[in-house]
1. Could you grab me the full set of residues in the stretch 152-179 that are part of a helix (DSSP H, G or I), under 15 Å from Ala114 (Cβ atoms) and in contact (Cβ under 8 Å) with a residue 60 or more places away in the chain?
2. With the structure loaded, tell me whether Asp52 is at negative phi, touching an Asp or Glu at 6+ places or on another chain (Cβ under 7 Å), modelled with pLDDT of 90 or more and not assigned by TED's automatic domain parsing to the domain that holds Ala189 or whether it fails that test.
3. I'd like to verify a number: residues in the stretch 1-27 that are part of a helix (DSSP H, G or I), away from the ligand (no atom under 16 Å from the Cβ) and in contact (Cβ under 8 Å) with a residue 24 or more places away in the chain, how many?
4. Tell me which of these Leu48 doesn't satisfy, since it passes every other one: (1) out of contact with any strand residue (DSSP E or B) (no Cβ under 9 Å at 6 or more places or on another chain); (2) away from the ligand (no atom under 16 Å from the Cβ).
5. Picking from Thr170, Thr164, which residue would you name as being open to solvent by 10 Å² or more (accessible area, probe 1.4 Å), out of contact with any Ser or Thr (no Cβ under 9 Å at 6 or more places or on another chain) and of a type in the set (Val, Ile, Thr)?
6. Based on this model, can you work out whether Val216 counts as at pLDDT 75 or above, touching a Ser or Thr at 6+ places or on another chain (Cβ under 8 Å) and more than 29 Å from Asp47 (Cβ to Cβ)?
7. Kindly indicate whether Leu64 is within 16 Å of the ligand (Cβ to nearest atom), open to solvent by less than 10 Å² (accessible area, probe 1.4 Å) and at pLDDT 85 or above.
8. For the stretch 207-223, name all the residues that are over 18 Å from Glu149 (Cβ atoms) and surrounded by 11 or more Cβ atoms within 10 Å (Cβ to Cβ).
Amino acid sequence: MPRVLVVEDDPDIARIVALLLARSNYQVERAGDGRSGLRAVFESKPDLVVLDIGLPGMDGLDALERIRDLSDVPVLLLSARDQESDKIRGLRAGADDYLTKPFTNGELVARVEALLRRARPAQWAERVYDDGTLRIDPMARLVHVDEREVSLTPIEFRLLNTLTRNAGVTLSSRKLLAEAWEDPTGIGADRVKFTVLRLRRKLGWDDSASSPIESVRGVGYRYRPPAQSRHRVQSGTTGHAER
Ligand code: CA
């Protein structure tokens, strides 16, 4: 049974969210402020965190930054309608998705399910990608850039996989949402933008002029394997070179 931590100070919302998730067969733990939420993340190691932005004491965004210092647990942010800029800050700080209050019961459960599904391996699950600079081992869930290990959240991991498995091809934000987020609606291209920014920063590819993850203006994003690299994709199970 997946374990979800709900960090929300409003007792009514917290109770409803906990009830809905429990009914959908999640084991739910609750925290009423940022500091106890943070403690619960490290002590209980939940599979997913639902994190309200407006919390007393340490707010949700500060808590998120501290969570991200040490953990790649999927985080779904809850924001009020007047907190649009906080939402952007949240995505930049490493939230995987957000929901704006008020949301419907169905929306909440669907987002939680989608986030947990993404945390599991997909079709490319067994193939190692290695172009000499970047190496992705999906089975071990390890990413290395020039031998340096990089820690990615599930969504960053999926986004990087989608880009590299389509190396050289420009993918629209809509396509990336469908492939990496498994969100066929394609709404919310800012989710892609900020995840790309985070991914570049983590990989040490911030310089947009030379980054192997290129922005193609008005179209989307493209992974261009670094020039000096040997582009090869091999099967993790059989060792056959596929390309
Ligand atoms: Ca609140």
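1. Selection gives Pro154, Ile155.
2. Considered against the rule, which asks whether it is at negative phi, touching an Asp or Glu at 6+ places or on another chain (Cβ under 7 Å), modelled with pLDDT of 90 or more and not assigned by TED's automatic domain parsing to the domain that holds Ala189, Asp52 comes out as yes.
3. 2
4. (1)
5. Thr170
6. yes
7. In short, yes.
8. Hits for the stretch 207-223 are Ser208, Ser211, Ile213, Glu214, Ser215, Val216, Val219, Gly220, Tyr221, Arg222, Tyr223.
The values are calculated or read from the model by the stated rules, or taken from the named source; none is laboratory data. In this text the structure is predicted, and so the values were computed from the model without any measurement. Using ideal geometry, Cβ is built from the backbone for each residue, glycine included, and neighbour counts are taken over all protein chains shown. With ligands, DNA and RNA removed, areas are computed over all heavy atoms of the protein, side chains included. Shrake-Rupley method; radii C 1.70, N 1.55, O 1.52, S 1.80 Å.
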